[in-house]
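The values are calculated or read from the model by the stated rules, or taken from the named source; none is laboratory data. Bear in mind the structure is a predicted one, so any value in this text is a computation, not a measurement. These accessible areas exclude ligands, DNA and RNA; they are computed on the full protein's heavy atoms, side chains included. Shrake-Rupley method; radii C 1.70, N 1.55, O 1.52, S 1.80 Å.
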Amino acid sequence: MQNLKKDNCGTQGNTISSEKNQNSFELYISKTDTETTVKGLRQLPLDGQSNFRDLGGYKTVDQKTVKWGQLFRSGQLSNLTDKDLHYLSTIPLKTIIDFRSEEESKEQVTLLPPTVSNEVLLPIKPGNLSKNNVMQIVMDANDVLANKLLVDINEQLVLHNQDEYKAFFKEVERADAPLMFNCTAGKDRTGLAAALLLTALGVDKETVREDYLLTNQCVSLNTLNIQEQFDLNDDQANVLLTLFTVKEQYLDKALSTIEQHYNTVENFLTDALEVDIALLKSKYLY
């Protein structure tokens, strides 16, 4: 019998993209007499969304692997090109789970490939992320408040949005895959969802953290290009950069809040969110 080896086209923490996959989604399969190796791309080559990522290839603590091409995370999809929509249809993407608020969804209308038959809306409106509040924080160049806002959001997601995350896991358990979940930037609401999902599948804590921080590489922002795009001074651009990216302390706040109230993330998953971990592993692991 052949051994089946699933890899992630590089180290687990790297953002991977490739010129080979510009027109259609594919997995790279190589075979020997005893082993079949499958590799995929971490970061999908989309023109209209740089933070669309495959969660496949991550190893679990019991030496299994998250399936490539089944679970994806992303930011909003309002800027997808026709080429992007064709690419996603070749996965073929079937289900999307959208954490954005009604206001966000109206401002940035989701564009979907024709293969999507199941669009699930689970709106989460964390903290005071209104345009006026965010703009005031940026114009005041208040980096302390920007960081506090994002730390507080991650505490809120754990304590006040359990219904939405419980519904998210029910969809992941029963929905047709391949599936993608997203919010506006694909970093806070989506970042916690990905961290919880990978943990449920048995991925170790350090790898979960690496995946969380990959957003910063995918969006590839810096003070200079923010200044050019939004006409801000250095301090204001740095604050907006804070709001557009992620830091370890944000995820740490969510995890410490979980541990404070539930002792372990696994207890939170099973007791608060009623996750069927065995079902998830049977469905999404090699």
Open item on the list: For a quick check, take a GNM of the chain with Cα springs below 10 Å and name the residue from Q136, Q249, Q162 with the largest mean-square fluctuation.
Closed with: Q136
Task: the chain - mean residue ellipticity at 222 nm from DSSP helices (-39,500 (n - 2.57) per run, n ≥ 4, rounded to 500) - done: -13000 deg cm²/dmol
Open item on the list: If I build a Gaussian network model for the chain, linking alpha-carbon pairs within less than 10 angstrom, which residue out of S50, S89, S130 has the largest mean-square fluctuation?
Closed with: S130
Task: Solvent-accessible area per residue for the chain (1.4 angstrom probe, square angstrom) - done: 45
Open item on the list: Keeping all protein chains in the complex and leaving out DNA, RNA and ligands, what accessible area do you get for H160 with a 1.4 Å probe, in Å² to the nearest 10?
Closed with: 140
TODO: Kindly flag which residue pairs out of K125/K247; K94/K253; K31/K83; K94/K281; K106/K148; K148/K253 have an alpha-carbon separation exceeding 22 Å in this structure.
DONE: K94/K253; K31/K83; K106/K148
- [ ] Among the aspartates and glutamates, select those whose C-alpha is under 17 Å from the C-alpha of K64, and discard any that sit fewer than 8 residues away in the same chain.
- [x] D7, E35, D54, D204, E206
